[in-house]
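Single-structure report; data block below.
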Amino acid sequence: MLAVGEDAARIAGLQNGTLAAIVSQVPANFFAYKVGGHTLLPLGEYMETLLAGVGVSQKKLEQSRDEVKRVVRALLRALDFMHAQPVEAKNLIQKRLGVSEMDIVDHIYGLVTKYATRNGIPSQKAIENTLLGTPFEGKLTNFDRLTDFSVAREVAEGK
């Protein structure tokens, strides 16, 4: 197993045959599929990990907390929309990614709606699993030093 760079480099390696397999996530898995890739092991079926996230500097959070809250609130509303309006959500996925194959749209929709947290706060196990294979594996015991979900909690509480 080798670290070979960004999604585009991994997909190019898959396409030209220099790589036999790659690790990818939405939307890179869609582009890998377009060049002949196939999902062999959907990791979400076997271990809880982070699908994606939003990061902000401590300075930005201190200076513009209300703006950060609005962004988090909008992301959570978008996820609620995806759950409540699957046909419209799939139409948006199709248009934004330029996907004509509905099986790919259904796959992307399914990944997001199945694995994204409804409140924006992942479990500690998801964070631990995401750190596997990194220099932080097994070394962090205080995840509050690594993460700050106070904004997501405030949004969930309606603040």
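The values are calculated or read from the model by the stated rules, or taken from the named source; none is laboratory data. Since the structure is predicted, the reported quantities are computational estimates derived from the model, not experimental observations. Please note: Cβ atoms are built from the backbone with ideal geometry, for glycine as well, and neighbour counts cover all protein chains shown. Keep in mind that these areas ignore ligands, DNA and RNA; they rest on the heavy atoms of the full protein, side chains included. Shrake-Rupley method; radii C 1.70, N 1.55, O 1.52, S 1.80 Å.
To put it simply, the accessible area of region 1-123 at a 1.4 Å probe is 56 percent carbon and sulfur. Pairs of Cα atoms nearer than 8 Å and 6+ residues apart set the relative contact order; for the chain it is 25 percent.
Over all distinct Cα-Cα pairs of region 36-155, the Kirkwood formula returns a hydrodynamic radius of 16.4 Å.
Evaluated at q = 0.10, 0.13, 0.23 Å⁻¹, the base-10 log of the normalised Debye intensity for region 1-103, with identical point scatterers placed on the Cα atoms, takes the values -0.43, -0.70, -1.23.
Here region 25-159 is assigned +1 on the Cβ of each Lys and Arg and -1 on the Cβ of each Asp and Glu. Its dipole about the Cα centre then comes out at about 400 debye. Taking chymotrypsin sites (Phe, Trp or Tyr not before Pro) across region 1-69, the ones in a DSSP loop with at most 14 further Cβ atoms lying within 10 angstrom of their Cβ are TYR46. Once the 1.4 Å probe is applied to the protein heavy atoms, region 10-87 comes out at 70 Å² accessible per residue. Solvent-accessible surface of protein heavy atoms, probed at 1.4 angstrom with all chains present, puts MET82, MET47 in the order MET47, MET82, largest first. Sparsely packed loop sites in region 63-159 (the GluC sites (Glu not before Pro) outside DSSP H, G, I, E and B with at most 11 other Cβ atoms within 10 Å) comprise GLU157.
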